[in-house]
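A short worksheet on the structure shown next.
The values are calculated or read from the model by the stated rules, or taken from the named source; none is laboratory data. Note that the structure is a prediction, hence the values are computed from the model and not measured. Note that each Cβ is placed from the backbone with ideal geometry, even for glycine, and that neighbours are counted across all protein chains shown.
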């Protein structure tokens, strides 16, 4: 284990490390943007948060704005002192070590540079040879801006400069705070490849982002940050296929997973499981219904579409749900399309279906009814009060009492 964050808590207002003044950068102290996130003294930004990073991990910390991502990165870097807990790097407690004594390198969202130096001089200042400087400038797409100062650069160019400088340092952990957020798509993909290459060389990276695409494409592990705590951490495939909380399910997947509030009890085994779920989804919530409440989550890519035929009675063992739904509209997305369907005379919202032009009619007519269906194994079950995942067994829905 290379880095261990052990039950750290940070309260508002943050306590910045007093030694940040030696670095001479205003962007090292608390910013007005951060201060606006909370106006309540002693409100928690991070709450007993723990995580571990192994050598050669590429960890993406994924969360919405205001979830504490940047505060966590600042705490690891030494710019913010936690109110409780500790941070251990390479077996040494660095909780109260000043930033310049920590074996980490940090790229801020708004960059970090010297206003009086040109782009080329920044890399020379870091000790690179002239040939190495030229190679770095070519990889970053900054060769034409080599003689310019930071004030003359565009936002994307300035961010590339900050990333490039951080990558030239040989530190145990490279911390990145949304470094690609201001870049255009072509440069963004180029730097993704550069980051993957750096990771393949044995470097350890901790990458903060709100962009699930960056997290899924780059990281070997993702930690979803929710309300100041790590909600779930693991490989991208694990979090996508088995989210342990509704917030994790919402963060991963585009378009987002859809949720259906239902009353559902499976204690009456004379009912067919699929029929029971269909009826619950069609009826929605009702104050007169005393059966337990649940939330069903279905990803748009889990639905399939067929021509509507004469309904046949479901038989035991047919583990799928299906509805006759009216097609509303199609949004063309190249290799896939986003379809909207509405189930008539039901409490169900408009259903979004992500279709890859396979196993479905190629031409859909608005107003025409089709059969849409999803397999039970593709359904996710959540507690509507806590948002926690309710485990299912063998593709079957959970019992009516999740406890």
Looking at region 242-250, can you tell me whether even one residue there is in contact with a helix residue (DSSP H, G or I) (Cβ under 7 Å, 6 or more places away or on another chain), farther than 22 Å from residue 372 by Cβ and modelled with pLDDT under 95?
no
Can you tell me which residues in region 213-253 are under 15 Å from residue 299 (Cα atoms) and within 11 Å of the chain's Cα centre (by Cα)?
239, 240, 247, 248, 249, 250, 251, 252, 253
For the subset of region 221-240 comprising residues that are modelled with pLDDT of 95 or more and out of contact with any strand residue (DSSP E or B) (no Cβ under 7 Å at 6 or more places or on another chain), which member is surrounded by the fewest Cβ atoms within 10 Å (Cβ to Cβ)?
237
Could you say which residue among 66, 78 is in contact with a helix residue (DSSP H, G or I) (Cβ under 7 Å, 6 or more places away or on another chain) and at positive phi?
78
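Looking at 153, 140, 117, 128, can you tell me which residue is closer than 25 Å to residue 219 by Cα and touching a helix residue (DSSP H, G or I) at 6+ places or on another chain (Cβ under 9 Å)?
When all the criteria are applied, what remains is 140.
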Just to be sure before I move on: is residue 146 surrounded by fewer than 23 Cβ atoms within 10 Å (Cβ to Cβ), at pLDDT below 85 and either in contact with a helix residue (DSSP H, G or I) (Cβ under 8 Å, 6 or more places away or on another chain) or within 30 Å of residue 225 (Cα to Cα) (or both) in the structure I sent?
no
Show the residue pairs meeting these rules: Cβ distance below 8 Å; 6+ apart or different chains; first residue within region 346-362 and on the phi > 0 side of the Ramachandran plot; second residue surrounded by 13 or more Cβ atoms within 10 Å (Cβ to Cβ) and part of a loop (DSSP other than H, G, I, E, B).
357/336
Subset of region 73-98, residues crowded, with 20+ Cβ neighbours inside 10 Å and under 25 Å from residue 210 (Cβ atoms), comes to 73, 74, 75, 76, 77, 78, 79, 80, 82, 87
